[in-house]
Amino acid sequence: FQADYQVVAASGLGVVRNGCGWPGPTIPPLYPFSLFDGKTVYDFNEWQPQVVVMMMGANDFSTVLGDKEKWASRRELRAAYVATYVNFLKVLRQLDPDATLILLESDSSGDAELFEADRAVVKAAADPRVILLPLHKVGRGGCNGHPSANEQHDIALVLINYLDKHPEVWGTAR
């Protein structure tokens, strides 16, 4: 696609809940910072992407809730996840008004909880340029439960196939 790209990646961070319920900041409050240090602010005026691709949520739902977590039930966790993700998408929309926002949906968790939550996010966002792109049979054969290099290749092929079939995501600049 001859596209420029930037990667924002952090292992274990969730939308509202980090992996295994670990304390600390999640992705949305850290996103404005270049180094996730809470100090070095990223200048969003320097680059306006046409497509923003996200794959989040597995950490939020990966383990049972602990006694000291702020949600009394999975239902409360899901509601917080949906509300926070929708607000995060609104922030992204303000930063990149013309971008297509693609949420990659992985079925690697083995249950429907993340699927249902992501579908609720897209529905609540009510934004035709927020796309939910399913990834089926994505494994976790890499380090610490992440996709292996081959599995990442498979993810890339799904995304490439989608982008090939939907050139409109590039807007008028392409």
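The values are calculated or read from the model by the stated rules, or taken from the named source; none is laboratory data. Quick caveat, the model's predicted, so the values are computed rather than measured. Please note: Cβ atoms are built from the backbone with ideal geometry, for glycine as well, and neighbour counts cover all protein chains shown. For the accessible areas, the whole protein counts, side chains as well, though only heavy atoms, and no ligand, DNA or RNA atoms are used. Shrake-Rupley method; radii C 1.70, N 1.55, O 1.52, S 1.80 Å.
A few remarks follow.
- Checking each residue in region 110-138 for being modelled with pLDDT under 85 and buried (at least 16 other Cβ atoms within 10 Å of the Cβ) picks out LEU135, VAL138.
- Residues (part of a helix (DSSP H, G or I) and touching a residue at least 12 places away in the same chain (Cβ under 8 Å)) located in region 47-80: ALA58, ASN59, ASP60, PHE61, ARG74, LEU77, ARG78, ALA80
- Among the residues of region 12-37, the one identified as over 23 Å from ALA79 (Cα atoms) and either touching a Cys at 6+ places or on another chain (Cβ under 9 Å) or small (Gly, Ala, Ser) (or both) is SER34.
- Looking only at region 13-46, residues that are out of contact with any Asp or Glu (no Cβ under 6 Å at 6 or more places or on another chain), in a loop (DSSP other than H, G, I, E, B) and among the charged types (D, E, K, R) come to 3 in all.
- In region 84-104 there is at least one residue matching the filter, namely being open to solvent by 40 Å² or more (accessible area, probe 1.4 Å), under 27 Å from PRO167 (Cβ atoms), in a loop (DSSP other than H, G, I, E, B) and of a type in the set (Asp, Glu).
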